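Notes follow once the structure below has been shown.
Just so it is clear, none of the values below were taken in a lab; they were calculated from the coordinates. Quick caveat, the model's predicted, so the values are computed rather than measured. Note that each Cβ is placed from the backbone with ideal geometry, even for glycine, and that neighbours are counted across all protein chains shown.
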Amino acid sequence: MKNKIFEIFVDTSHRIDKLKLINNGQTALTYFGYLNNKKSIFKILKKDSNKILKNNFYNEHISTKIIKENLFPKIIHSDKKNSLYVYEYFDGKQVNTLNKELIIKTAKKLKKLHALDVDKKLNTFNSQINFYIKEIKKNKKNKILREGIKLYKKFKNNESDNVISHNDLNKSNILFNNHKICFIDYDYVSINNRFSDLARIFSSYKFTEKDINIFLDIYGLDNSKNNFHTIKDWQLMNLYTDLIWFYFLIENGLDLNKQNRNYLFLTEELIKQQMQ
């Protein structure tokens, strides 16, 4: 794939240097490198990824809206034919534990994302998850999977809290650089319940009740029992969503990478723990 990127640019005036693979994801390869002597990130979707990845982030209308609000680095080159996208390098790092200052910054950033006008051109969480469920046949009688589908149906028709949602805000997709914060990898972006993103952040950083109270206050939600109950429900729903996604990939004949195989096992264990 690295050679393919060089081939894509061979007949252009752009200069590509020092490409280095930094992430071999399930649907895309991500490289660090230089585009015209400028630090850049090169993301190229894997073959047939469009058949399993149902999102519109790289639709110019959607990405422009998110980039305009400094919610994602500027895309400096796109090649839809070859599913290659190059964006500015954000010199940030993953942080495993958030102090109060970083909790506040993250809450402000998420509030900004969720405040964007809901775009009718964007896929919904319902359309994504229904597509995955429909394709699962071999594992359709799996007890854990059935429980996940049942919980999903509980949320299915509740659209009052729908926003433009990242849907994968774990620690690796939130980068910090001093006073700046950046969300990356919008591959699963859709219209979804705001509590999905909130719950992923709280789970990923293992927030305490105090941490959640600080976050909700900045975000603009109260710390009512009802909201805490909804957060807990969505923490479980997010685990089920990941499980459904993994089963969907397996049924489509895709080998899970080592990281996702480990996460599949962990997800099943976490669901069992939460259901006890």
So if I restrict to the alpha-carbon atoms in the stretch 155-246, what is the Rg, and what is Dmax, the biggest pairwise distance, in Å?
13.2, 40
Cα-derived Rg to Rh of the stretch 1-133, Kirkwood definition
0.99
Translational D in µm²/s for the stretch 195-276 (Stokes-Einstein at 37 °C, 0.692 mPa s, Kirkwood Rh from C-alpha pairs)
235 µm²/s
Quick one: Karplus J couplings for the stretch 36-41, per residue in order, coefficients 6.51, -1.76, 1.60, θ = phi - 60°, nearest Hz, x for Gly and Pro?
6, 6, 10, 4, 8, 10
What distance in nm separates the simple spin-label points at Tyr263 and Asn96, each placed 7 Å from Cα in the Cβ direction?
1.8 nm
Take every DSSP beta bridge whose two residues both sit in the chain, then give the antiparallel share in percent to the nearest 5.
95 percent
Compute the semi-axes of the equivalent ellipsoid of the stretch 62-204, taking the square root of 5 times each eigenvalue of the Cα gyration tensor, and list them largest first in whole Å.
28, 20, 15
Angle check, please: helix 194-204 long axis (alpha carbons) against the longest principal axis of the chain (alpha carbons), in degrees 0 to 90, nearest 10.
80 degrees
222 nm mean residue ellipticity, helices alone, for the chain (DSSP H n ≥ 4; -39,500 (n - 2.57); rounded to 500)
-14500 deg cm²/dmol
Degrees, to the nearest 10: 225-251 long Cα axis against longest axis of the chain
50 degrees
Amide H within-cut-off set for His77, under 5 Å, with H built and near neighbours excluded:
Val86
Proximal charge balance of Leu270 [Cβ under 14 Å; K/R count +1, D/E count -1]:
0
DSSP-loop trypsin sites (Lys or Arg not before Pro) across the stretch 85-186, with at most 10 other Cβ within 10 angstrom
Lys120, Lys121, Lys137, Lys138, Lys141
Angle between the chain longest axis and helix 209-219 axis [Cα atoms, degrees, rounded to 10]:
60 degrees
Relative contact order for the chain: what is it in percent, counting Cα pairs under 8 Å that are at least 6 residues apart?
17 percent
